[in-house]
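Scroll down for the structure; my scribbles are underneath it.
The values are calculated or read from the model by the stated rules, or taken from the named source; none is laboratory data. Model, not experiment: these values are computed from the prediction. Counting neighbours? That spans all protein chains shown, and the Cβs are built from the backbone with ideal geometry, glycine included.
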Amino acid sequence: MKLLLIEDNLELAHWLVQLLREQAFVVDHVADGAAADQLLRQGRYDVVLLDLNLPLLSGKGVLRRIRERQDAVAVIVLTATASLDQKVQCLEIGADDYLVKPIEVRELVARIQALMRRQMPGRANLLSCGDLHYDLRTRQFECAGVELALPPRERTLLETLMRHTGEAVSRQALVQSLFGVDEDASADAIDLYVHRLRKKLEASRATIVTLRGVGWLLRARST
């Protein structure tokens, strides 16, 4: 899952990025609204964590532009202001949630996960493909009744494929999901992670299929 943190307090941002990455999120960070707006026009994010008091373009300005171009990305406002009027205004502009600083990371992670579940109606908290299951609450995989522990990159890749089971996911979409803007992804990085996942899923009824020139999809094996 890929997050964009928009926060001009660099000390707070550094702390949040570290803690969120420890939770296996891919996190990009920018410190002003103009840079955030440009990045959001170019990239794909699952959740935006948005401070309001930003230089160059305010947080509300960023939020308005997101919704004006009909971008449905989930947005959680992070602010030191507990004003009810401001909270209502942000929600009316298009925020999905509103958290008052100081931030409790456990609560933030729970709210991120809740937003992701809300974007997948009808699927409850469990995604399944064959005997492979993914719990949206705990972000844990289970294969044939046994927990499947994965390194962060492989975990993010399989999570992305699970969210689009039966649908083709392009190389570019996977690169954007797995890597931050400050990270260099080699040309064969995705192929390497797919290869590793396939080996770990050999005994599973779920398989990753290559669609040449299109991407990859996760589906149940034919019986």
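Is it fair to say S177 is under 15 Å from the mean Cα position of the chain (by Cα), of a type in the set (G, A, S), under 30 Å from I76 (Cβ atoms) and outside the structural domain of V30 (by TED's automatic domain parsing)? Walk me through how you get there before you give the answer.
Values: under 15 Å from the mean Cα position of the chain (by Cα): yes; of a type in the set (G, A, S): yes; under 30 Å from I76 (Cβ atoms): yes; outside the structural domain of V30 (by TED's automatic domain parsing): yes.
Answer is yes for this residue.
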Inset, instruction - For the range 181-208, enumerate the residues that are within 14 Å of L161 (Cβ to Cβ) and surrounded by fewer than 10 Cβ atoms within 10 Å (Cβ to Cβ). - result: none
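A quick yes/no check of all residues on (1) without any contact (Cβ under 8 Å) to a residue 12 or more places away in the chain; (2) touching a strand residue (DSSP E or B) at 6+ places or on another chain (Cβ under 9 Å):
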site: S83; (1), (2): yes, no
site: V100; (1), (2): no, yes
site: I103; (1), (2): no, yes
site: V109; (1), (2): no, no
site: N125; (1), (2): no, yes
site: A149; (1), (2): yes, yes
site: P152; (1), (2): no, yes
Inset, instruction - State whether one or more residues within the range 187-200 are among the charged types (D, E, K, R), within 21 Å of the chain's Cα centre (by Cα) and at pLDDT 90 or above. - result: yes
